[in-house]
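Trainee: Dropping a structure here in structure tokens format, bear with me for questions.
The values are calculated or read from the model by the stated rules, or taken from the named source; none is laboratory data. Values in this document were obtained by computation on a predicted structure and should not be read as measured data. With ideal geometry, Cβ positions are generated from the backbone for all residues, glycine too; neighbour counts draw on all protein chains shown.
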Amino acid sequence: MILEKSIEGSLLLQAHDLVLDVVEHGDAAVDATLGNGHDTLFLARCVGSAGKVFGFDVQQAAVGNTRKRLDDAGVDSGCYVLFCESHADMALHISTKVKAVMFNLGYLPGGDKKMITQAHSTVAALSAAIDLLSSGGILTVMCYPGHDGGANEAGLVTDFVNELDEDYWMVTRYSRAEARASTPYLWTIHDVSQKNGQPPE
Ligand SMILES: C[S@@+](CC[C@H](N)C(=O)[O-])C[C@H]1O[C@@H](n2cnc3c(N)ncnc32)[C@H](O)[C@@H]1O
């Protein structure tokens, strides 16, 4: 069963609040779409100096912007590792379980609007992220059905979450009040396998 929640405020802040509830100092986390590094910095603060953030983006500009944001904020470079690679390949670079994975789909704000996340690699990355999540972990996905290709991508993300076994995964869709079909929305996927006494497949 998928829970539907309508909220008044920012969906991005909602994602942060929910991640904050789950992630503890010393955990590992993934920013699957670096962009300008806002979520990476947020995750770095959540996991603290004893933790680790893994970040992915296919654009060197995004990796550079994120590195600068982390440097400017005084985050120790030993606490993160950034890859200029597709999030679909995250499993090649991460050999530990992670407590949170954040996806913010679409294009780099202020960058080339044609360099958007692609449905097939997004779904591959979601699948890899699910496998990396530790017990009690959270995966968040901001979807933007309003831009070219966005509706198709959002549809495949919906198919993906619909196939998750509800014994192991609690899925919630957050949208803004009075949203239209093109309005962004947020998926959250919580690993509830421990609560239900069984490991995820
Ligand atoms: C909406 S932005 C992310 C915003 C970012 N989370 C922030 O806080 O600033 C989406 C990013 O996804 C990146 N992207 C596109 N395809 C990707 C892929 N296959 N793997 C990783 N990142 C990708 C784009 O280059 C873009 O920077």
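Trainee: Between residues in region 122-133 that are over 18 Å from Asp57 (Cβ atoms) and residues that are away from the ligand (no atom under 11 Å from the Cβ) and among the basic types (Lys, Arg), which pairs lie under 9 Å by C-beta distance while being six or more apart or on different chains?
Mentor: Listed by first residue and then by second, the contacts come to Leu133/Lys97; Leu133/Lys99.
Trainee: Okay, moving on. When the residues of region 129-145 are filtered to those that are of a type in the set (Ser, Thr, Tyr) and assigned to a strand (DSSP E or B), which remaining residue is farthest from Val98 (Cα to Cα)?
Mentor: My answer is Thr140.
Trainee: Could you please give the count of residues in region 73-103 that are free of Cβ contacts under 8 Å to residues at least 60 places away in the same chain and outside any loop (DSSP other than H, G, I, E, B)? Quick ask: steps written out before the conclusion?
Mentor: Looking only at region 73-103, we keep the residues that are free of Cβ contacts under 8 Å to residues at least 60 places away in the same chain, and these are 73-89, 91-93, 95.
Now narrow it down to the ones that are outside any loop (DSSP other than H, G, I, E, B): 77-83, 87-89, 91-93.
Summing the residues that are free of Cβ contacts under 8 Å to residues at least 60 places away in the same chain and outside any loop (DSSP other than H, G, I, E, B) in region 73-103 gives 13.
Trainee: Okay, next question. Could you grab me the full set of residues in region 145-192 that are modelled with pLDDT of 90 or more and of a type in the set (S, T, N, Q)? So that I can check it myself, show each step before the final result.
Mentor: Looking only at region 145-192, we keep the residues that are modelled with pLDDT of 90 or more, and these are 145-146, 150-176, 183-192.
Scanning region 145-192 gives Asn152, Thr158, Asn162, Thr172, Ser175, Thr183, Thr188.
Trainee: So which residues in region 105-135 are within 11 Å of the ligand (Cβ to nearest atom) and loosely packed, with under 14 Cβ neighbours inside 10 Å?
Mentor: Of everything in region 105-135, those that are within 11 Å of the ligand (Cβ to nearest atom) and loosely packed, with under 14 Cβ neighbours inside 10 Å turn out to be Pro109, Gly110, Asp112, Lys113, Lys114, His120.
Trainee: Related question: Could you please find all residues in region 23-67 being assigned to a helix (DSSP H, G or I), buried (at least 20 other Cβ atoms within 10 Å of the Cβ) and either away from the ligand (no atom under 11 Å from the Cβ) or among the basic types (Lys, Arg) (or both)?
Mentor: Hits for region 23-67 are Ala44, Cys46, Val47.
Trainee: What are the residues in region 8-20 that are surrounded by fewer than 21 Cβ atoms within 10 Å (Cβ to Cβ), in contact (Cβ under 8 Å) with a residue 12 or more places away in the chain and not in a loop (DSSP other than H, G, I, E, B), if any?
Mentor: Leu11, Leu12, Gln14, His16, Leu18, Leu20
Trainee: Still on this structure: Here is a list of conditions, (1) more than 12 Å from the ligand (Cβ to nearest atom); (2) touching a Ser or Thr at 6+ places or on another chain (Cβ under 8 Å), and Glu8 meets all of them except one; can you say which number that is?
Mentor: Unmet for Glu8, out of (1) more than 12 Å from the ligand (Cβ to nearest atom); (2) touching a Ser or Thr at 6+ places or on another chain (Cβ under 8 Å): (2).
Trainee: A follow-up question, please. If you go through region 146-162 one residue at a time, do you hit one that is over 23 Å from Cys46 (Cβ atoms), part of a loop (DSSP other than H, G, I, E, B) and not small (Gly, Ala, Ser)?
Mentor: Yes, the conditions are met somewhere in region 146-162.
Trainee: Take Asp167 and decide whether it is more than 16 Å from the ligand (Cβ to nearest atom), acidic (Asp, Glu), surrounded by fewer than 20 Cβ atoms within 10 Å (Cβ to Cβ) and closer than 18 Å to His87 by Cα.
Mentor: No; evaluated as a whole, the condition is false for this residue.
Trainee: Going by the conditions given, is Gly150 at positive phi and within 17 Å of the chain's Cα centre (by Cα)? Break it down stepwise before answering.
Mentor: Values: at positive phi: no; within 17 Å of the chain's Cα centre (by Cα): yes.
No, not satisfied.
Trainee: Here is a check on your reading of the model: is Val141 modelled with pLDDT of 95 or more, buried (at least 18 other Cβ atoms within 10 Å of the Cβ) and farther than 17 Å from Gly9 by Cα? Before you say what the answer is, go through the steps one by one.
Mentor: Numbers: modelled with pLDDT of 95 or more: yes; buried (at least 18 other Cβ atoms within 10 Å of the Cβ): yes; farther than 17 Å from Gly9 by Cα: no.
Answer is no for this residue.
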